[in-house]
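Every number in this text was worked out from the coordinates using simple rules, so none of it is lab data. From a predicted model like this one, the values you see are computed outputs, not experimental measurements. Positions of Cβ are backbone-derived with ideal geometry, glycine not excepted, and every protein chain shown enters the neighbour counts.
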Amino acid sequence: MRISIGADHAGYLLKEYLAGALGGEHEVADLGTGSTDPVDYPDYAAAVGESVRGGETERGIVVCGSGAGAAITANKMAGIRAVLAHDTYTARQSVEHDDANVLCLGSRVIGERVALELARSFLGASFTGDPRHLRRLAKIARIEETG
C-alpha cells in the first residue's frame, strides 16, 4: 500500500520511526517535517490529507503532540475521514466501519511500540462495505456538502 506520513515538530521523531519501520511493508511518502524545529501541524495534516484525497496515496498518518490538532485539521478536508486512535481496536474499526483514510497519533501520548501497532492495525484493515456503514458514510458526505 502507498501511504503518506507527516508530522509537526512534536511528532517528528515518531514520524521518522514509523516511516522507517513501515517502509519495509509499504511504500511511504514522507511529507515532512524534517526536524524538531517548530512548525505548524495544520500544514502537515493538510499535506497528508491532500495526498490521500488526490489519490497519490491510499492512506495517511499524521503525528503531532496529542494527535488532536492533526485530526481536527484533516477532518476539515472533504473526503478525508481522520481518526485519532490510541488503541488498536479504534485504529482497525475506524477503517472497517467508517472507511477512515487518515490515522492521527499523539507522540506525547503513546510510544513507538504502540504507534507501530496502531499503524499496522489501521493499514491492515479493510472497509467492510456493509450496507449500514455505507448508509452512515452517505450521511457524513451529505453533512460535508452542506456544512
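What to note about this one:
- Annotation note: chymotrypsin sites (Phe, Trp or Tyr not before Pro) in the range 60-131 located in DSSP loop regions with a Cβ neighbour count of at most 14 within 10 Å are absent.
- Scalar couplings 3J(HN,Hα) for the range 7-19, obtained by applying the Karplus form with A = 6.51, B = -1.76, C = 1.60 to θ = phi - 60°, are 7, 8, 4, 5, x, 3, 5, 5, 4, 4, 4, 5, 4 Hz; x denotes Gly and Pro.
- Averaging Cα coordinates gives a centre for the range 21-47 and one for the range 91-147; these two points are 19 Å apart.
- Amide N of the range 1-28 lying under 13 Å from the label point, which is placed 7 angstrom from the Cα of SER35 along Cα→Cβ: 9
- Cβ-based net charge around GLU16, under 12 Å, with every Lys or Arg adding one and every Asp or Glu removing one: -1
- GNM remark for the chain: springs join alpha carbons under 10 Å apart, and the peak mean-square fluctuation among ALA68, ALA78, ALA47 falls on ALA78.
- Residue-normalised convex hull volume from the C-alpha trace of the range 2-146: 90 Å³ per residue.
- The Cα-based radius of gyration and maximum Cα-Cα distance (Dmax) for the range 1-86 are 11.5, 31 Å.
- With respect to the chain, whose longest principal axis is taken over its alpha-carbon atoms, helix 88-98 is tilted by about 40°.
- The chain: most fluctuating residue of ARG81, ARG135, ARG53 per GNM, C-alpha cutoff 10 Å: ARG135
- Here the 3J(HN,Hα) profile of the range 116-133, calculated from phi with Karplus coefficients 6.51, -1.76 and 1.60 at θ = phi - 60°, is 5, 4, 5, 4, 5, 5, 5, 6, x, 8, 10, 5, 6, x, 4, x, 5, 6 Hz, Gly and Pro shown as x.
- Under a Gaussian network description of the chain, with springs only between Cα atoms under 10 Å, the residue in ASP99, ASP37, ASP87 that fluctuates furthest is ASP37.
- Taking the chain and dividing mean pair separation by its residue count, relative contact order in percent (alpha carbons under 8 Å, at least six apart): 23 percent
- Acute angle (nearest 10 degrees) that the helix 41-53 long axis makes with the longest principal axis of the chain, alpha-carbon atoms: 50 degrees
- Förster radius 22 Å - calculated FRET efficiency between GLU96 and GLU16, Cβ distance, rounded to 0.05: 0.15
- ARG2 long-range amide H proximity, modeled H, under 5 Å: GLU27, GLU58
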